[in-house]
Every structure is written in C-alpha cells, then in structure tokens.
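Structure record follows, encoded as structure tokens.
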Amino acid sequence: MDGGYETFLRILEDFRVVPAIINVLFLLAIFVPLMIITVLAVSLLLDSIDFKYNRTTRLLFLIPGLIPVAVAVLFWSAVVGYDVVWDKSNIRWFIGAISFSTGIGSWIVIQYGSLRSISHEVLEAGVVDGCNRFQLAWRLKLPMISRYVAYMVILLIVGTLQIFNEPNLLIYTNMTTDWSPSQIAFTYAFKNADFAGGVALSLIMLIPNVILALLFVLNTDFMKKSKSSWK
Amino acid sequence: MEIGAQRRNSRLIKITLFFATFWASIPLLWILRDVARMIFAPVIYYDNGVFFTWLKNTSIFVGSALTISVVCCVTAGFVLAVLDVPFRRFLLFATLVTMLIPITAMAMPLYVMIDRIGLNDTLLGLILASSFFPFGAFLSYLYFTSVLPPDLVGMGRIDGLGDFGIYRHLGLPLSKSLISVVTFFCFVSLWNSYHLPRVILTEPSKSIMSIGIEVFYGQGTTLIALMMVIPSVLLYLASQKTIARGIFSGAVKE
C-alpha cells in the first residue's frame, strides 16, 4: 500500500526535483514577462490603427501554436540548427523560445478580441477629453481589459510551471529527460509505474498554482458579478 | 419589384453561375485532384487507406466533443456572470483550479472513470472524457461580465423575460464573437489533443488523426504539419469575421 506523507518526502528527496524547479523558475523569470509584454503590445498596436493586414498579422502569430508540438520541435531544431540545440548551455533558451513563439499567438487573438469588445462611446469620450493614442491605450483600454490580463497572467505562469511538451519532445537530445517537474511526475507515473509518486509531485506542483490563483482572486475584482463596464 | 423577389432572383442567378463555373472547371479540378493524390500519396495509401478511418473517427470525435463543450461553456459562463446561483464563487474557483491541474495528472483518473463505465477504447468514451473546456467557460464568464451589465439584464426582467429568455434574447445575440473565439480554441485543443486519446484509444484501426499520424514522423513531417494546420487556419479565418467593435454600444441610456 503506498501513499501517506512518506511519498511526499520521498519525492522531495529526489535529486532531480531541485534542478527541474530551477529550470522552470528561469523560464518564469525571463520568458513570462516577455510574453505578457509582447502580447499586450501587439494587441494594443493592432487595435489602435486601421491596419489592412490585421487578420493576417494575428494569423501569422498564431500559426506556430497550431502546428502539432511534435512536428513543431523538429521544425525548430531545423531552424536554429542542430549544433545549437546540442549545446547544453542553450537548452533553456531554446525551450523558452519555443514556448514563447507557440504561446503568444492565441493570447494575442484573445486580447485583441477583448479590446474589440470595448464600446465606441468610451473611446470617443477619451478622444474628446484629449487623449492621444498612447494615453488611450494606457489609461482606458488596459484598465478595461484588466480582468482578461489577470486571466492571461495566471494561465501563462501556470502553463510555464507545468511545462511538459517542449522538453519532452527534445528528449532525443538526452538533455531534457527530467527537465521539468511535470516530466518527473510523468516518469514516476508511466515509466516507473509509481502512480502515488506521480500524483504526489503533481499535488506539490498544484500548491503554488492554487496560492497564485487565490491571490489573484482575492486581490482583484475577478469574481465580481457583471458590472457596468465603464462607470 | 419587392425586395424579397429581388433577393430570390439574385440567389437564383448566383446558383446558376456557380453550376456553370463548376461545369467549365471540371478539367482543372481533375488535374488538381491528381496532383493532390500525388502529393498526399504516402499518407493516403498507407495501410490500405487507414488514413480515411482516422479522418472519419476524428471528425466524429471533434464534432461531438466540440458541440458539447461549446454549448456547456457559453451557458456556464452566462449563468456564472449574470444569474444568482448558489456557490457561485466556489464554482468559479473550481473552474479555475481545473485548469491548473496538469493534463498528465488528469489523464489517469479520467482513464479509470471511462474504464469503469466500460467505454474504454471507444470513441464515445473519448468524447465524454474530452468534452470539458474550463478555459472556454472562464473566458465566457469574463466576456459576459463585461458585455451584459446589470442594467440591461434588469430591463430584460422588466420586459418579462425569465432566466432562459435573457439567455436566449440578450446573451446569445451579444455573444457571436465569444462563440467563435471559444469554438476556435476548443477545436484547436481537440484537434491537436494527444494525451487523452493516447491513453484511451489503443487499437490502431480505431485511432484518430493526431495520434495516428505518428507513423509518418521522419518521412513526411512537413506534409503532416500542413495537413494538421489547414483546418485550424480555415476555422480561424471564418471565426475572426464576427469580431467587431461596439456590438453593445448604446444599449443602456443614462
């Protein structure tokens, strides 16, 4: 019979867990802020002008995320060159770059849609009050889509903490076998047939996520019922 | 001439023209068909055309799961944003937490559930296991909170609408762009889904495309990528037409 808190202790003593957490924190520190800034910048820029190739631009950002991940990794390896991939010091940057390029497109589509749901009247009122485009974006549009932005931030952070596909598909390089906590959980559950171990690690990973979600929920008006959008 | 008759006539002309063009372009279409066959030959003729079985299974799977998920998502989002339901905050938080659980941790319990009700290795089991999309439900919730202010709902109530009436006459007409966005993302996640089908479907003949195409890795990678991307791109182009500014402007006068 497995289970009990010994399982948790056993997982935490695993020598692979700490490096995996450091890997994920690296992505969290560098690529997540970059993704947030890029997504907001691109969608605000697209929303601010009448751009003829608007739809095409969003589609081009989106396409890397539509390709099945397995194929995407092969493409990426070919794009940057295999000698770069094989260098151990590059692997974090490489994984970060893949998750960056596959992740931003869908969020640009969502944030652009949320910007489009702001009503004309509000923006016109802003223009009458003398806003230029930047002030319009910074003082009106961003506060009005703040809930969507909070949603994006939570999901981007969580998605990075749980990163699985990219390192798992780079396994052929032999450098990413247990690169992220998710992968270790997967190894426990499906390779070592130790479901208790896998579940324990998943639960440990769930703790920061739930804390994060709670923080957001309690500190923003995330859970408020529908309100008048601009009063 | 009345507008109705005019519209009918122009439709008739369009249909006639369409058939005429089709008739004229049959030779060209014939060539295109042969070219497509040549390009996709390694995929189409693999294992006596098992590809078409995968395609059929995928369309059944994606079609049904997509319908169930989108209907549930939009309705759930509306209810959570507008109506007074007991345990609303708890339900919202539960939706959020469902998204935070890694799919690797979800796959096993779902598999056990599907196995218990005897639907292991069937399409129905896969459809049931995949028909949840918390991301879309939460997105709908956010959308309805910003697009349906209480004043508008109150007006609906004064005009004698019940909960379902508000959903039918206010919620749905306002949510065209939401439905298209949710449909698109749900489609992409189902179309590319890998973990659950991998665990639930074991027999190759019952497989679906996203896991079936694995046999072509290495020889036809570009071809596969192309085939997998095209439906998503087409759906994107169709879904983005409905996004327009200010669908709600001026609904409430101060």
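The values are calculated or read from the model by the stated rules, or taken from the named source; none is laboratory data. Note that the structure is predicted; figures quoted are calculated from it, not measured. When we count neighbours, we look across all protein chains shown, and the Cβ atoms used for this are built from the backbone with ideal geometry, even at glycine. Ligands, DNA and RNA are stripped out before the accessible areas are found, and what is left, the full protein with its side chains, is counted by its heavy atoms. Shrake-Rupley method; radii C 1.70, N 1.55, O 1.52, S 1.80 Å.
Structural remarks
- For the stretch A:64-200, the relative contact order is 23 percent, taking Cα pairs closer than 8 Å that sit 6 or more residues apart in sequence and dividing their mean separation by the residue count.
- Separation of the stretch A:32-63 from the stretch B:118-137 is 33 Å, based on Cα centroids.
- Interface B-A: total buried accessible area of about 5000 Å², 1.4 Å probe, protein heavy atoms only.
- By a 1.4 Å probe calculation restricted to protein chains, B:Val229 has an accessible surface near 20 Å², given to the nearest 10.
- Paramagnetic reach from B:Thr222 in the stretch B:1-37 [backbone N under 18 Å; point 7 Å along Cα→Cβ]: B:35-37
- For chain A, modelled as a GNM whose springs connect Cα atoms under 10 angstrom apart, the maximal fluctuation among A:Ser99, A:Ser180, A:Ser146 occurs at A:Ser146.
- Heavy atoms of A:Asp47: accessible area, 1.4 Å probe, square angstrom to 10: 10 Å²
- What the protein assembly as shown shows is 51 Å² of accessible area per residue, with the surface traced by a 1.4 Å probe over protein heavy atoms.
- Principal-axis tilt of helix A:146-161 within chain A, Cα atoms, nearest 10 degrees: 20 degrees
- Estimated vicinal HN-Hα couplings, Hz - the stretch B:229-242 in sequence order (Karplus 6.51, -1.76, 1.60; Gly, Pro = x): 7, 3, x, 5, 5, 4, 5, 4, 4, 5, 6, 7, 5, 7
- If R0 is taken as 60 Å, the Cβ-Cβ distance between B:Thr21 and B:Arg116 corresponds to a FRET efficiency of 0.65.
- Taking chymotrypsin sites (Phe, Trp or Tyr not before Pro) as exposed when their DSSP state is a loop state and no more than 12 other Cβ atoms lie within 10 Å, the longest site-free interval of chain A runs over A:54-231.
- Shielding by partners, peptide B:224-233 (average Cβ within 10 angstrom, other chains): 4
- Computed from phi, the 3J(HN,Hα) profile of the stretch B:175-184 under the Karplus parametrisation 6.51, -1.76, 1.60 (θ = phi - 60°) reads 10, 4, 5, 5, 4, 5, 5, 4, 4, 4 Hz, with x in place of Gly and Pro.
- Backbone HN-Hα couplings from phi across the stretch A:49-58 [Karplus 6.51/-1.76/1.60, Hz, Gly and Pro as x]: 10, 8, 9, 5, 9, 3, 5, 5, 4, 4
- Carbon + sulfur, % of accessible area of the stretch B:1-118 - ligands and nucleic acids excluded, 1.4 Å: 72 percent
- As a fraction of the 1.4 Å probe accessible area of the stretch A:1-139, surface on carbon and sulfur atoms comes out at 68 percent.
- Within the shell of other residues whose beta carbon sits under 10 angstrom from the beta carbon of B:Val79, the net charge comes to -1, with Lys and Arg scored +1 and Asp and Glu -1.
- Computed from the Cβ-Cβ distance with R0 of 30 Å, the FRET efficiency linking B:Asp47 to A:Ile49 stands at 0.05.
- For the peptide B:143-149, the mean number of other protein chain Cβ atoms found within 10 angstrom of a residue's Cβ is 6.
- Approximate spin-label separation B:Asp34-A:Ile22, in nm, with each point projected 7 Å along Cα-to-Cβ: 6.3 nm
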